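The next block holds one structure in the form of structure tokens; read it before the comments.
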Amino acid sequence: MSRLIAPSILSADFNRLGSDIEMINQSEADYIHFDVMDGVFVPNISFGIPVIQHVNKIATKPLDVHLMIIEPDKFIEPFVQSGASILTVHYEVCMHLHRTIQQIKDKGIKASVCLNPHTPVAVLEDIIAELDMVLLMSVNPGFGGQVFIENTYKKVQQLKELINKNNPNCLIEVDGGVNYETGKKLYEVGVDVLIAGSFVFNSDNPKETIRKLKVV
Ligand code: DX5
Ligand code: ZN
């Protein structure tokens, strides 16, 4: 099991986004997490392709793009062109998930599926073999700074079992309310990638917080 960190720039200071990305470049972070929200699938609107394109010019870490949008199929090509290395779509909006995953993989990047807190892990049984990563939401998507949902630990264990049986290379990523305490427990139950937004960017020393999150 790897211990990877993806800071979520939703909590970054957009007045000085360039230096926040530079901080991540110099940190021990493994990916940069982008929360794309459309105001339909989630009750918030964040940012899209132009921001990712600009960040891609200065980023030295892979871009982990989390699509909280309806009809993600329509936008796979532009997000790939913008520099996404991993594209995550929500299970709850994909009527033809198998086709969507193939479309992402055909572009030569990593394909990932995200489950909302209420969506059971079992829905992935017939698609898990195709996935590079599964993202479990530990908050209801749409905002940073929310409280971690404890049931997530049980879902991670169920997912780990499914992955060990069907696709041991598939990574597990968790998103929402991550801090030193929840991060430690998540790594213990088998998570590979922790996403952290407010806990990193609201800290006095974000680079040090990233380093410490990796060794909790
Ligand atoms: C929420 C987003 C998360 C969020 C995490 O919908 O998907 O990535 O930015 O923020 P924190 O770590 O503050 O909960
Ligand atoms: Zn996210």
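What follows draws every value from the coordinates through simple rules; no lab data is involved. Everything numeric here is computed off the predicted structure, so don't read it as measured data. Please note: Cβ atoms are built from the backbone with ideal geometry, for glycine as well, and neighbour counts cover all protein chains shown.
Are any of the pairs 57/185; 110/154; 165/212 more than 28 Å apart by Cα-Cα distance, and if so, which?
In this structure, 57/185; 165/212 lie more than 28 Å apart at Cα.
Extending each Cα 7 Å along its Cβ direction at residue 118 and residue 73, get the distance between those two points in nm, one decimal.
Result: 2.5 nm between the two label points.
Run the simple label-point estimate for residue 204 and residue 53 please: 7 Å along Cα→C-beta, distance reported in nm.
4.1 nm
Can you give the Kirkwood hydrodynamic radius for the chain, in Å, rounded to one decimal and based on Cα pairs?
17.0 Å
Among 158, 135, 205, whose Cα lies farthest out toward the positive end of the dipole of region 117-216, if unit charges sit on the beta carbon of Lys, Arg (+1) and Asp, Glu (-1)?
The Cα lying farthest towards the positive end belongs to 205.
Mind checking the dipole of region 87-216: about its Cα centre, +1 per Lys or Arg Cβ, -1 per Asp or Glu Cβ, Debye to the nearest 20? List each step's numbers first, then the result.
Values: 14 positive and 15 negative charges, 52 e Å.
Using only the charged Cβ atoms, the result is roughly 240 debye.
Semi-axes, largest first, in whole Å: what does sqrt of 5 times each Cα gyration tensor eigenvalue give for region 24-64?
Computed over region 24-64, the values are 23, 12, 6 Å.
Once R0 is set to 30 Å, what does the formula 1/(1 + (r/R0)^6) return for the Cβ-Cβ distance between residue 162 and residue 40, expressed as a FRET efficiency to the nearest 0.05?
0.50
Can you list which of the GluC sites (Glu not before Pro) found in region 121-216 are DSSP loop residues with at most 16 other C-beta atoms within 10 Å?
Hits after loop and neighbour filter: 125, 150.
With both bridge residues required to lie in the chain, what share of the DSSP beta bridges run antiparallel, to the nearest 5%?
Antiparallel bridges make up about 5 percent of those DSSP assigns within the chain.
Provide the gained length on full extension for the span residue 107 to residue 13, in nm with one decimal, where the gain is 0.36 nm per separating residue minus the Cα-Cα distance.
Working: separation 94, 0.36 × 94 = 33.84 nm, distance 3.14 nm.
Computed gain between residue 107 and residue 13 is 30.7 nm.
Tell me, what is the percent relative contact order of the chain, built from C-alpha pairs under 8 Å that lie six or more residues apart?
Reported as a whole number, the value is 23 percent.
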